[in-house]
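These notes concern the structure reproduced below.
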Amino acid sequence: MSTIAPSRLNDVSSAALFRELTADNFTILAGEISKRLATYQNGSPTSIIGPPTSGARVLHEFWRDALGGEWVCTGAGTPGTWLQIRPAAVTAAPSSGTVPTGYWIWNVTTGHINRHAGGYVWEVPEA
């Protein structure tokens with residue numbers, strides 16, 4: 001899994017330019033990662049809301065979903081066991097697409113943290 005399309009990075013096979021190209025690649029990586037873009041799959045950002053539901057996954061793998069929710073793999077496997085480590089920051093609760101039960105969002109319009117309760121029901125957990 002790659003969070004950056006490989007075509008975005010410089011080819012570092014030239015020994016003469018290795019240091020310069022590697023430094024450029026770190027600049028590209030830092031800029032792309034700080035944008036908080038969804039994890040890339042096959043060269044395009046994922047459209048999945050929540051953690052991946054297929055594919056072999058490794059312990060501590062990082063995943064950023066289509067809404068910006070962040071996940072870490074806590075158990076390797078297919079598709080692995082995932083823990084949401086950062087809620088998605090949105091202006092309104094999603095009203096379409098498949099949203100996993102227990103998914104956390106931060107509604108930046110109202111300031112509420114909401115938890116998906118199934119279907120299209122969202123609950124505001126007590127503090």
For the chain, calculated [θ]222 nm from helices alone, where every DSSP H run of n ≥ 4 adds -39500 (n - 2.57) = -4500 deg cm²/dmol
Quick one: which residues, 5 or more positions from H112 or on another chain, have an amide H under 5 Å from its amide H? H modelled 1.01 Å from N in the peptide plane, none for Pro or chain starts.
-> N107
Inter-probe distance in nm under a simple model that places probes 7 Å from Cα toward Cβ, at A117 and S7 | 4.6
Across A117, A92, A23, the residue with the highest GNM fluctuation in the chain (Cα network, 10 Å cutoff) is A23
Got the relative contact order for region 46-123 handy, in percent, Cα pairs under 8 Å and 6 or more residues apart?
-> 22
With everything on Cα atoms, drop me the angle between helix 18-34 and the longest principal axis of the chain, reported from 0 to 90° to the nearest 10.
-> 10
GNM on the chain, C-alpha springs below 10 Å: top fluctuator among L83, L67, L17?
-> L17
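FYI, it's all coordinate maths here, none of it is from the lab. All of these numbers come straight from a predicted model, not from anything done at the bench. For neighbour counting, all protein chains shown are included, and Cβ atoms are generated from backbone atoms with ideal geometry for every residue, glycine included.
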